[in-house]
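First the structure, in the form of structure tokens, and then the observations on it.
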Amino acid sequence: MRSALGQILARTGLHLLARERKAALAATLCSVLGVSAFVLLLDGVLFRRALPDGYAALFTAPLLPRMLFSAAGSMLEEVQYRLLLTTALAALAAAVSAPFTRRPLPSWVLLPIIAAVQLLNAWTAVSHYPLYGALRFWLVGCVWGLLYWRHGFLPALAGHGLVHLLLDPALRALLLLTA
């Protein structure tokens, strides 16, 4: 028998490990490839001439150790914003709804939580560069929240960390080509 907290956490639909490993691996790889392609399109084509000051300089600097710090920082972001904050808000929603239903939280509850948590995370970029910040940092970050919800925290953690190993070299090359 689960504790009350265990029951609430189970109702969030969030979990640490992937329940279906092959599906989680496929979703993680698709997320890494999709996010990388999307950011390359945004930064290298659509917003190339309007990138924030210092952004191109940062991403055209030598890859090491910056790329490794980016990967580690993104994994820390997953712990803070997905594992801690998203889980806490989902658990709160599950606890509040507990007297009314024992079913898992529906998507209309979890999706706004994922979006709001990522907006908090990306607020500085979104407030300074509304369209670019919303696409580049809010929308992209929501991908990792969705991956957490659908496949587990570890796939989101791995995907967000791994994306920098693919994206950073490709972005550096593209920005140098379009300088």
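The values are calculated or read from the model by the stated rules, or taken from the named source; none is laboratory data. What you see is a predicted model, and the numbers here were worked out from it, not measured in a lab. Cβ atoms come from the backbone with ideal geometry, glycine included; neighbour counts cover every protein chain shown. Protein only, heavy atoms only, side chains kept; ligands, DNA and RNA dropped before computing areas. Shrake-Rupley method; radii C 1.70, N 1.55, O 1.52, S 1.80 Å.
Distance between the 7 Å Cα→Cβ label points at residue 131 and residue 69: 3.2 nm. Taking a span of 20 Å or more along the helix axis (Cα atoms) and a mean Kyte-Doolittle hydropathy of at least 1.6 as the rule, the DSSP H helices of the chain that qualify are 21-41. The overall shape of the range 128-179, judged from the alpha-carbon gyration tensor, is oblate: a/c is not under 1.5, and a/b is no greater than b/c. Near residue 26, once Lys and Arg are set to +1 and Asp and Glu to -1 for all other residues with Cβ below 14 Å from its Cβ, the sum equals +3.
Accessible surface of residue 128, taken over heavy atoms with a 1.4 Å probe and every protein chain present, rounds to 120 Å². Note: relative contact order over the chain, using C-alpha pairs below 8 Å and six or more positions apart, is 47 percent.
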